Amino acid sequence: MKPLNQASKIIAQQFFYRGKFIKPTTITTSLNQLKFNPSLIVNNGVQHQNATSRSFSIINNNTLFSHSLMMQEEEGARVSSTNNNNSSSSSMATSNNLNKKMPEEQQQQNKRKFNHHNNRNKKNKKVKKEKPSNVIEAVTPLAHLTYEEQLVKKEGETLDCMREMFSEIKKSYGTAELPEYYTIQPEDEKLKDVHLTWCGILSSPQTEGYRNNCEFTCGYNSEDKPTVGFRQGLFSQGIFNAESPKDVKIVSDSMKRAVLVLQKFIEQHHDTYKCYAQKTHTGLWRLMKVRENRNGEMLIIVQINPTEISEEAMQTIKTNLISHFKSFDKNESSDLSINVKGLFLQQHTGVSNAAPTDAPLDLLYGEQTIVEEVLGLKFNISPMSFFQVNTKGVEVLYSKVKEWTLESMDKESNKERVLLDVCSGTGTIGSTMASSVSRVIGIEMVESSVNDARKNAQLNNIQNITFVCGKAEDTITTKMVEHNLNSSNVECVAVVDPPRSGLHKKVLESILRSPTIEKLIYVSCNPKTLVENAIRLCGPTSTVRASYGAFKPVKAIAVDMFPHTEHCEMICVFERKLKK
Ligand SMILES: C[S@@+](CC[C@H](N)C(=O)[O-])C[C@H]1O[C@@H](n2cnc3c(N)ncnc32)[C@H](O)[C@@H]1O
């Protein structure tokens, strides 16, 4: 039992449970992951976190309301706080006022509020998938299928995305005449309403232990043992277990050993330092991030919450972590032998574990980066920069992008052949093609990725590549002019590889407005934003499109970079004939 701090004492007075208001002492309900015993909340400001039953007390009335929603989803139990409005007074309330009755009016108001949430929840339920019952299901929801079955499923879903794309482009034409490609209907029934050349799905050369980058949470497992592993539960509400990754196929054995090395350290010091609890914003150990190259060399980042420890304690922790990790580092006689290239300590004070890119990061020992090889080139990877998570899978992806970029470039032409690599990360796509084109211009907004990209170009002795640091939407128009991309001597292909949010409309407009871009290769990790962006590229309405011509989707392929998960990458090629 841990005492709550002053600011988080409780004032919940009653619950709405199975259609009526009742006192918190009278109900107990158990869930898959969580036994919820509201009687605990009247325990004089003392928080319980029972090791075996995972009982939770309620810290404040907002949290209480969220908990009750979660319970509804999980079990249909109708439990709700009746006291959502009094939050300012809640912090100082004691157990005495927990038993006071609420005014009738407020009860009605809260009941209405509850019903609103309940209805919204019912609507959501229709589309919600079943909650995973264990960590394997949570992290690798397709692991119960054979890999062949997974590929069939993903190809089907990617084709659905294509159908959606054509249907939405069509809608955008309204009553105007549709582009000619709508008349093309492949004979294959599977490709009905997909008006482009469909090239199937490419599989990942490695299907197990393929992740070169994983984040593990420090917390407690279902038996309340300190564990470094995957979260299971409702992290946003601070209710979760950390479960061991030992049976999760996509994590390499060496990463599993690294996880156990940190877990051992946490166990050894657990009397003094606990794992971080988001609900109370207390505890030290938060997260472990591991990046690994194909030789098994690792960058290990241990994230802590420094708010409760002195500078002196921090130094001791650093010293002890160094000697602990060194005792396993390349120690072939240990079962937990790992190959540490660099060990880092990251301090992060925010409530959730997602640290900002500038959170203090100290190298405890070793080197700042690991080097990975992709298609014969070397890439420096630092702890925070973007790098695709499946190294062998990305070789398949980049090879296809390269093939499709180069096939239309006219080698005989006198024109300069330029590749515009939008959202270039550490410069991987542009670098793998630099030797086949005249110039590459990369645009990337994360400074550390741009720095890595520049170093990578040097490392590989690539001289015809330039990286622009900035948001594509803010820089693309001026940079295209600055780098002479709109000149009639240039033939430019744009390769865009945006994050899940897709490309900003200003980027699409700049590409549409370019007098030299006839081909755009879109690498997408999110079908929804691909469709949105495709409407802008291929639709009829804008005057820009009227003067330079809209694009049309010509071919596409799915690339499975994430076996056993529901994610899939795809490449879609858009072309147009510029009106000269
Ligand atoms: C999916 S990653 C692709 C990176 C790279 N092409 C690769 O394959 O490694 C998307 C990249 O876009 C960058 N990014 C996100 N939003 C951006 C924006 N508005 N402008 C420029 N870059 C952006 C991210 O930092 C990230 O590096």
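May I ask you to list the residues in the range 395-421 that are touching a helix residue (DSSP H, G or I) at 6+ places or on another chain (Cβ under 7 Å) and within 15 Å of the ligand (Cβ to nearest atom)? Can you show your working first?
Going through the range 395-421, the residues touching a helix residue (DSSP H, G or I) at 6+ places or on another chain (Cβ under 7 Å) turn out to be 398, 401-402, 405-406, 419, 421.
Residues satisfying the conditions are 398, 401, 402, 405, 419, 421.
Please verify whether residue 534 is among the aliphatic types (A, V, I, L, M) and modelled with pLDDT under 95, treating the condition exactly as stated.
Working: among the aliphatic types (A, V, I, L, M): yes; modelled with pLDDT under 95: no.
No: the conditions fail for residue 534.
The rows are residues; the columns are (1) more than 14 Å from the ligand (Cβ to nearest atom); (2) without any contact (Cβ under 8 Å) to a residue 24 or more places away in the chain; (3) of a type outside the set (Phe, Trp, Tyr); (4) surrounded by fewer than 24 Cβ atoms within 10 Å (Cβ to Cβ).
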position: 367; (1), (2), (3), (4): yes, no, yes, yes
position: 380; (1), (2), (3), (4): no, no, yes, yes
position: 431; (1), (2), (3), (4): no, no, yes, no
position: 439; (1), (2), (3), (4): yes, no, yes, yes
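Scanning the range 477-486 for residues that are without any contact (Cβ under 8 Å) to a residue 24 or more places away in the chain, away from the ligand (no atom under 16 Å from the Cβ) and either assigned to a helix (DSSP H, G or I) or touching a Pro at 6+ places or on another chain (Cβ under 9 Å) (or both) turns up at least one hit.
Do you know which residues across the range 493-516 are more than 16 Å from the ligand (Cβ to nearest atom) and either surrounded by fewer than 18 Cβ atoms within 10 Å (Cβ to Cβ) or modelled with pLDDT of 95 or more (or both)?
As a first pass, look at the range 493-516 and keep what is more than 16 Å from the ligand (Cβ to nearest atom): 512-516.
Correct list: 513, 515.
If the condition is being among the aliphatic types (A, V, I, L, M) and in a helix (DSSP H, G or I), then the range 318-357 contributes 321, 322.
Would you mind stating whether residue 548 is away from the ligand (no atom under 16 Å from the Cβ) and either crowded, with 16+ Cβ neighbours inside 10 Å or at pLDDT 95 or above (or both)?
Details: away from the ligand (no atom under 16 Å from the Cβ): yes; either crowded, with 16+ Cβ neighbours inside 10 Å or at pLDDT 95 or above (or both): yes.
Against the criterion (away from the ligand (no atom under 16 Å from the Cβ) and either crowded, with 16+ Cβ neighbours inside 10 Å or at pLDDT 95 or above (or both)), residue 548 qualifies.
Comparison of 415, 471, 455 shows that the only residue that is charged (D, E, K, R), at pLDDT 95 or above and more than 23 Å from residue 396 (Cα to Cα) is 471.
The set of residues in the range 448-462 that are open to solvent by 10 Å² or more (accessible area, probe 1.4 Å) and either closer than 28 Å to residue 513 by Cα or within 11 Å of the ligand (Cβ to nearest atom) (or both) contains only 448.
Residue 159 falls short of the stated requirement of being at pLDDT 95 or above and within 30 Å of residue 228 (Cβ to Cβ).
When residue 410 is tested against (1) touching a His at 6+ places or on another chain (Cβ under 6 Å); (2) open to solvent by 10 Å² or more (accessible area, probe 1.4 Å), just one condition goes unmet, and that condition is (1).
The values are calculated or read from the model by the stated rules, or taken from the named source; none is laboratory data. Keep in mind it's a predicted model, so treat the numbers as computed, not measured. We place every Cβ from the backbone using ideal geometry, glycine too, and count neighbours over all the protein chains shown. Calculation scope for accessible area: heavy atoms of the full protein, side chains included, ligands and nucleic acids excluded. Shrake-Rupley method; radii C 1.70, N 1.55, O 1.52, S 1.80 Å.
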